[in-house]
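Structure incoming, see below.
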Amino acid sequence: MPQLTDQGAIDQAENDQTETDQIAIDQAETERVEAERVEAERVEAERAACDRAAPDGHERAGTWMTPEEYGASRAAVWTAAVVLVTDTDGRILVQSVDYRADRLLPGGAVDAGEAPSAAAARELREELGIDGRYPRGLAVDWIPADTPGFPPEMRFPGEILHVYDGGTWTAERIDAVRLPEQEILGIHFAEPADLPALMDAGDARRALSALRARINGSGTALLENGRPTAPTALDRLGVLRTRRTPQHGTWHPGPVPAPLPVRDHRGWLFGPDGRVLLLIARATGTAHLPPPTAGSTTGAVPLGYRHAGQGAHARTAARLTGLPPAADPSYARLLATPEQVRELSDWGPAGADELAAVHTARARLSLPVPTRTPPTELPEDGVCW
């Protein structure tokens with residue numbers, strides 16, 4: 001007869017086997033996951049060691065950082081772009097806005113992903129209704145985070161501000177300005193020396209430094225809080241910090257007529273490279289042409305004169321052969337191009353006529369067309385050519 005089996009014992013044995021099998025499966029899965037973790041750590045360690053390794057196989061110095069660490073270590077700053085525009089008299093365009101009491105150069109913040117030069121063009125289109133491109137940089141300024149005037153809640157991180165050259169605008173281009181309904185209340189052209197009274201101190205320093213960089217013609221100036229890191233003679237002497245003396249009389253070629261009194265007599269005195277002698281008053285930064293007797297000369301001729309007020313402002317052209325030791329230490333003696341002399345002066349519309357006469361005289365003296373470079377300060381002990 002068949003053997004009788006306890007069914008409960010059979011069921012219990014099957015359950016025990018299932019649990020044993022599941023434990024083995026779980027342990028195998030745990031071992032697999034642990035093995036994968038160990039392998040991943042090994043691979044990451046090898047990659048990190050490779051990243052730390054120098055080309056010669058040695059481990060890098062301790063300054064190595066992960067990309068995340070390096071990114072977190074970099075300084076974050078704002079970026080802005082403004083444009084320096086002058087009129088034919090050398091005055092600077094500034095605008096009044098509805099959110100500040102002081103005046104500003106046209107321009108504003110650079111948008112995310114936007115090139116600074118593109119921002120400059122966009123801002124002038126939005127603020128003044130003028131289309132244009134401004135590829136030439138005059139200055140790049142670093143503005144520190146602790147600059148006064150920014151409220152704490154703004155969390156101002158510092159700013160890199162680009163100043164672009166907007167060129168000289170004619171009366172027709174100025175008449176084409178169209179202001180928006182909001183933000184820009186008006187524009188006007190200010191004498192450079194008046195900027196500190198019209199603008200924030202840092203903005204005024206930056207604008208004057210950028211204007212000097214334009215006159216220098218030596219490329220973009222690097223500024224820190226509006227001050228050049230490598231000052232030129234124009235920066236060191238502080239040119240244009242004092243109002244220029246207007247001389248807007250009509251230009252007349254040739255000698256001054258006998259009945260007309262001469263108020264002052266100045267010389268266009270050419271060095272051998274075609275540049276001319278220029279005096280800068282150290283106390284005021286004012287630019288002056290020298291008297292015709294400032295140095296040894298040849299080929300002197302009456303160039304012309306301006307007739308304004310009570311008399312004539314006479315001009316003589318000549319070639320310099322030498323300068324004596326400086327007799328008056330209150331003036332610095334520089335060589336500058338005729339164009340730079342004009343840009344440092346306020347001669348009105350007749351300035352173009354005088355400049356043309358100067359170049360005619362230079363050609364007659366068989367001197368070259370000078371290259372625009374920063375004006376060169378001459379030694380106080382004199383020079384001989």
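Hey, does region 354-375 have a residue that's part of a strand (DSSP E or B), of a type in the set (Val, Ile, Thr) and either without any contact (Cβ under 8 Å) to a residue 60 or more places away in the chain or crowded, with 19+ Cβ neighbours inside 10 Å (or both)?
no
For region 289-306, state whether one or more residues are within 23 Å of ARG243 (Cβ to Cβ), assigned to a helix (DSSP H, G or I) and touching a helix residue (DSSP H, G or I) at 6+ places or on another chain (Cβ under 7 Å).
no
OK, next. Identify, by number, the condition in (1) touching a residue at least 24 places away in the same chain (Cβ under 8 Å); (2) surrounded by fewer than 21 Cβ atoms within 10 Å (Cβ to Cβ); (3) touching a Lys or Arg at 6+ places or on another chain (Cβ under 8 Å) that LEU223 doesn't meet.
Exception for LEU223: condition (2).
Okay, residues lined up against (1) small (Gly, Ala, Ser); (2) under 23 Å from GLY90 (Cβ atoms); (3) out of contact with any Pro (no Cβ under 8 Å at 6 or more places or on another chain):
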| position | (1), (2), (3) |
| --- | --- |
| VAL239 | no, yes, yes |
| HIS252 | no, yes, yes |
| ASP264 | no, yes, yes |
| LEU269 | no, yes, no |
| THR286 | no, yes, yes |
| THR293 | no, no, yes |
| HIS313 | no, yes, yes |
| ALA327 | yes, no, yes |
| SER330 | yes, no, yes |
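Could you pull out the residue among GLY285, GLY351, GLY271 that is open to solvent by less than 50 Å² (accessible area, probe 1.4 Å) and either more than 26 Å from ALA210 (Cβ to Cβ) or hydrophobic (A, V, I, L, M, F, W, C) (or both)?
Going through GLY285, GLY351, GLY271 in turn, just one is open to solvent by less than 50 Å² (accessible area, probe 1.4 Å) and either more than 26 Å from ALA210 (Cβ to Cβ) or hydrophobic (A, V, I, L, M, F, W, C) (or both): GLY271.
Please work out which one of (1) closer than 28 Å to THR232 by Cα; (2) in contact (Cβ under 8 Å) with a residue 12 or more places away in the chain; (3) assigned to a loop (DSSP other than H, G, I, E, B) is the condition PRO148 fails and give its number.
With (1) closer than 28 Å to THR232 by Cα; (2) in contact (Cβ under 8 Å) with a residue 12 or more places away in the chain; (3) assigned to a loop (DSSP other than H, G, I, E, B) applied to PRO148, the lone miss is (2).
Filter region 290-330 down to the residues that are under 15 Å from PRO253 (Cα atoms) and of a type outside the set (A, V, I, L, M), then identify the one that is farthest from the chain's Cα centre (by Cα).
Out of the qualifying residues, it is PRO302.
Out of region 72-102, which residues are open to solvent by 60 Å² or more (accessible area, probe 1.4 Å), touching a residue at least 60 places away in the same chain (Cβ under 8 Å) and either within 14 Å of ALA197 (Cα to Cα) or of a type outside the set (Asp, Glu) (or both)?
ALA75, ALA76, VAL77, TRP78, THR88, ARG91, TYR99, listed by residue number.
Scan region 254-266 and tell me whether some residue there is without any contact (Cβ under 8 Å) to a residue 40 or more places away in the chain and open to solvent by 70 Å² or more (accessible area, probe 1.4 Å).
Checking region 254-266: at least one residue is without any contact (Cβ under 8 Å) to a residue 40 or more places away in the chain and open to solvent by 70 Å² or more (accessible area, probe 1.4 Å).
Right, something else. Could you check HIS162 against (1) assigned to a strand (DSSP E or B); (2) over 21 Å from ASP194 (Cβ atoms); (3) open to solvent by less than 20 Å² (accessible area, probe 1.4 Å) and say which number it fails?
Condition (3) is where HIS162 drops out.
Looking at ALA312, ALA326, can you tell me which residue is of a type in the set (A, V, I, L, M, F, W, C) and either part of a loop (DSSP other than H, G, I, E, B) or at pLDDT 95 or above (or both)?
The unique qualifying residue is ALA326.
For region 298-325, what are the residues that are within 18 Å of PRO379 (Cα to Cα) and surrounded by 19 or more Cβ atoms within 10 Å (Cβ to Cβ)?
LEU320, LEU323
Do we have HIS248 as touching a Phe, Trp or Tyr at 6+ places or on another chain (Cβ under 8 Å) and either open to solvent by less than 70 Å² (accessible area, probe 1.4 Å) or in contact (Cβ under 8 Å) with a residue 24 or more places away in the chain (or both) here?
Yes, satisfied.
Can you confirm whether region 331-340 contains a residue that is part of a helix (DSSP H, G or I) and open to solvent by less than 50 Å² (accessible area, probe 1.4 Å)?
So far as region 331-340 goes, yes, one or more of its residues are part of a helix (DSSP H, G or I) and open to solvent by less than 50 Å² (accessible area, probe 1.4 Å).
Could you count how many residues in region 200-220 are of a type in the set (A, V, I, L, M), buried (at least 19 other Cβ atoms within 10 Å of the Cβ) and without any contact (Cβ under 8 Å) to a residue 60 or more places away in the chain?
Total meeting the criteria: 2.
The values are calculated or read from the model by the stated rules, or taken from the named source; none is laboratory data. Bear in mind the structure is a predicted one, so any value in this text is a computation, not a measurement. All Cβ positions, glycine included, derive from the backbone under ideal geometry; neighbour counts span all protein chains shown. Areas reflect the complete protein model, heavy atoms only, side chains present, ligands, DNA and RNA absent. Shrake-Rupley method; radii C 1.70, N 1.55, O 1.52, S 1.80 Å.
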